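This report refers to the structure that appears directly beneath it.
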Amino acid sequence: MDRRTFIHQMAHAAAMPALFSTLGLDLLTLSSFSNLNSTREQGNILIVVVLNGGNDGLNTLIPLNMMSPLSSARPHVFLPENKIINLGTNDLGLHPSMPFFKSLHDEERLKIIHSVGYPDPNFSHFRSKDIWYSASDANEYLNSGWLGRYIEDRHPEFPEAYPTDNYPHPLSIEIGYNASLQFTGNKSFTSVVASNPQHFYEIINEFDNEYPSSNAGEKLKYIQLMAKQANYYGEVLRDTFSKGTLSGVDYPRSNLADQFKIIAKLISGGLQTRIYKVELGGFDTHASQVDSSDTTQGQHSFLLKSLNDAIEAFMKTMDAQNQSDRILGMTLSEFGRTVHSNGSNGTDHGSVAPMFFFGNKLDTKILGENPVVPTDIDIQFDLPLQHDFRSVYQAVIKQWLGGESNTSREVLYKDFEHIQLISDKYLDADLDGVANAFDQCPTTPLGAAVDLNGCELFTLPPDNYKIEVVSLACNGLQDGMIAVDVLEKRYTYSVYVTELDKSFLIDSGNEHHLEISGLNVGAYNLQFSVIDKPNYSQQFSVTLNQPKPLSAATKVDTTAKTVDVQLGNAEEYFIELNGKMTSTKDPNITLSLMPGLNKLSVSTSKSCQGKYEEEIFVGEKISHYPNPVNNELFILIPGSDTTTQLNIISLTGQRIFSGSMDIPSSRRLQINTSSYTPGIYLVTVKGNTVNTSFKMIRR
């Protein structure tokens, strides 16, 4: 099995949902725009509402001009005209359970596209879902989904390089427990599956193992990557969810409303995920689609009310939070229902169904013609296709999600009929934040900064400049220095230092490297401009502090005649030992000592850091015998001293002997103690390399 197949099968086997399986929905209490070029800032949001089972379009969006043939073709599910919500346009009405959709229509926030499907429809739930989710032809089998391919097209380094500084939040989220083919890319799964971010638990302890470059190793690397991402994204979801509010909007008690509630709180809490998916099941209404005593009630009515009420609560929340301009919602179902009703108060699998879009920036013209139902129709009659669902996907990509000019073709593998989805006054083909109607430069590169006319402003990224404190400053000595380097070396820069009231050039003459010296302690503002780019300016601040005092500690080894010196708070140290100067950048050094008195001093290039000074005496080790002494005391003095100072003092403090003695070539002093009173005496021997005392016992 190759890596791509392994990843795909892991995703389809719901590996990622398993990571979030502890997040149950039942734990919830019931009560300037851009595309995916960053999840650090606000941008357009797409919410895909999946109606699982095949929605009955003719009882959702009713062609009022077809009431007579509809009553003949579907008598068991036919809706009374006086109960239908009249849209007041296009001879269309909505199911009685959808009053908020009427409000959206009146507010010009609803778009309807008639008879959406695909050629040669397949009436298997599983196969038709795969076709819709993968955006394939009916006779084509794809292992990836349209949204997964879109995300991978915009993020070719996903998942290996994610999350990043620019993309700290999940790129897409599926609310619930199951992953769908829609979000499966060609190389990886692109969404996070979550059911309740409030109760996120760490999936697996952090680990960072090395694996071999083998098939098994690649699989283990991928599992490790997915586990780490799950932990990270899970914490992000929990944190943003906990910060989010519903702005006082009451949500109905339904599974779909719970899903929209999660999205509302995540958006409110600051999550910048761009694509969400929710789903509502139960639309496979072969039986009991309607109540036999009242066709406005029943399973289908219940589902449409759930859809209506959940979207109403969500949009009211977004309106209250001034977020609804960012929202585009779309419904989709794997197919429609038959024109004919069956004998079980239901309908069977059909070909096409309408799609609904909700949001503030829609072109609200109804696309397509009202479905035509012949007076006398065969039971096998199905509504003809008016719009390929991939035309709708193409419009969503080009007009809302965004990308390069060929992104939709890369994602959908071909071009489809143009559909106007977003109002012209909001369309922004180059995604520069200036609508097409006002954009004088309609092909601005993605991510470029523009002026009010949509034309590119000259700009350089902040990391184009490297500003470094080379040398700290001593207060009043003006001995500080900063250095400036630039990455982009095509330009000549001018740097104005406000506090110095002076400008400096950075160009090829100084190899685009500038050093500014003679600086005192304080903050400095550097204003960068580029020659021949009059509208460009960028400012940075840097602070020069006084360095900390020099720190030093020593440890002497008299046996080895060395001293270990530990230094701190400087980059370079100047050491003087017994008149000999050296320098080092090593904060831990060992110095050799000579016998006798050693004078050590340490300083830095900054006088305000102070100087460390110490005197270290290393004495020769003498020996003496006998002890106790009868008459003669012998003292052996190693080294090179020629004289020594000898002092002998009794316990009463009486000085018995004090004087200088020559050290013979034998290095042995001989002291006659025959005149000493028996007792204990303190003997001190001092010289250039000797300084020691010992007790002598005179018998």
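The values are calculated or read from the model by the stated rules, or taken from the named source; none is laboratory data. Keep in mind that this is a model prediction, so the values were computed, not measured. Glycine also receives a Cβ, built like all others from the backbone with ideal geometry; neighbour counts cover every protein chain displayed.
The requirement of being under 30 Å from Ile151 (Cα atoms), in contact with a helix residue (DSSP H, G or I) (Cβ under 9 Å, 6 or more places away or on another chain) and surrounded by fewer than 23 Cβ atoms within 10 Å (Cβ to Cβ) is fulfilled somewhere in segment 281-293, by at least one residue. Beta carbons closer than 9 Å, at least 6 apart along the sequence or on distinct chains, pair a first residue in segment 456-481 that is at positive phi with a second that is surrounded by 14 or more Cβ atoms within 10 Å (Cβ to Cβ) and among the aliphatic types (A, V, I, L, M) for Gly476/Val521; Gln478/Leu519.
Only one entry of Ser144, Ser97, Ser103, Ser115 meets the criterion of being of a type in the set (Gly, Ala, Ser) and in a helix (DSSP H, G or I), and that entry is Ser103. Residues that are in contact with a strand residue (DSSP E or B) (Cβ under 9 Å, 6 or more places away or on another chain) and either under 25 Å from Gly336 (Cβ atoms) or surrounded by fewer than 20 Cβ atoms within 10 Å (Cβ to Cβ) (or both) within segment 250-271 comprise Ser254, Asn255, Leu256, Gln259, Phe260, listed in sequence order.
Counting the residues of segment 620-634 that are assigned to a strand (DSSP E or B) and under 30 Å from Ala560 (Cβ atoms) gives 4. Restricting to segment 469-507, and then to whatever is of a type in the set (D, E, K, R) and over 22 Å from Val521 (Cα atoms), can you tell me which residue is surrounded by the fewest Cβ atoms within 10 Å (Cβ to Cβ)? If we take residues in segment 469-507 being of a type in the set (D, E, K, R) and over 22 Å from Val521 (Cα atoms), then Arg490 is surrounded by the fewest Cβ atoms within 10 Å (Cβ to Cβ). Flag set for Ala257, criterion: more than 15 Å from Ala320 (Cβ to Cβ), among the hydrophobic types (A, V, I, L, M, F, W, C) and in a helix (DSSP H, G or I). Filter segment 234-277 for residues that are of a type in the set (Val, Ile, Thr) and closer than 24 Å to Tyr167 by Cα; which is modelled with the lowest pLDDT? Only one residue fits best here, namely Val236. Would you mind finding the one in Ala138, Ala161 that is assigned by TED's automatic domain parsing to the domain that holds Asp325, in a loop (DSSP other than H, G, I, E, B), of a type in the set (A, V, I, L, M) and more than 30 Å from Tyr232 (Cβ to Cβ)? That would be Ala138, the only listed residue that is assigned by TED's automatic domain parsing to the domain that holds Asp325, in a loop (DSSP other than H, G, I, E, B), of a type in the set (A, V, I, L, M) and more than 30 Å from Tyr232 (Cβ to Cβ). Check segment 596-611 and report whether any residue there is exposed (fewer than 12 other Cβ atoms within 10 Å of the Cβ) and assigned by TED's automatic domain parsing to the domain that holds Thr562. The answer is yes, given that some residue of segment 596-611 is exposed (fewer than 12 other Cβ atoms within 10 Å of the Cβ) and assigned by TED's automatic domain parsing to the domain that holds Thr562.
Return yes when Lys466 is crowded, with 19+ Cβ neighbours inside 10 Å and within 27 Å of the chain's Cα centre (by Cα) and no when it is not. So Lys466 fails the test. Among the residues of segment 536-568, those that are farther than 28 Å from Asn598 by Cβ, exposed (fewer than 13 other Cβ atoms within 10 Å of the Cβ) and not β-branched (Val, Ile, Thr) comprise Ser537, Gln539, Ser541.
Condition check ((1) at pLDDT 95 or above; (2) surrounded by fewer than 22 Cβ atoms within 10 Å (Cβ to Cβ); (3) out of contact with any helix residue (DSSP H, G or I) (no Cβ under 8 Å at 6 or more places or on another chain)) across all residues:
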| position | (1), (2), (3) |
| --- | --- |
| Arg4 | no, yes, yes |
| Ile7 | no, no, no |
| Ala15 | no, yes, no |
| Leu25 | no, yes, no |
| Gly57 | yes, no, yes |
| Leu64 | yes, yes, no |
| Ser68 | yes, yes, yes |
| Phe78 | yes, yes, no |
| Lys83 | yes, yes, yes |
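When the residues of segment 570-583 are filtered to those that are buried (at least 17 other Cβ atoms within 10 Å of the Cβ) and at pLDDT 95 or above, the one that is farthest from the chain's Cα centre (by Cα) is Leu577. Mind counting the residues in segment 369-386 that are surrounded by fewer than 16 Cβ atoms within 10 Å (Cβ to Cβ) and either modelled with pLDDT of 95 or more or closer than 28 Å to Gly88 by Cβ (or both)? Residues meeting the conditions: 5.
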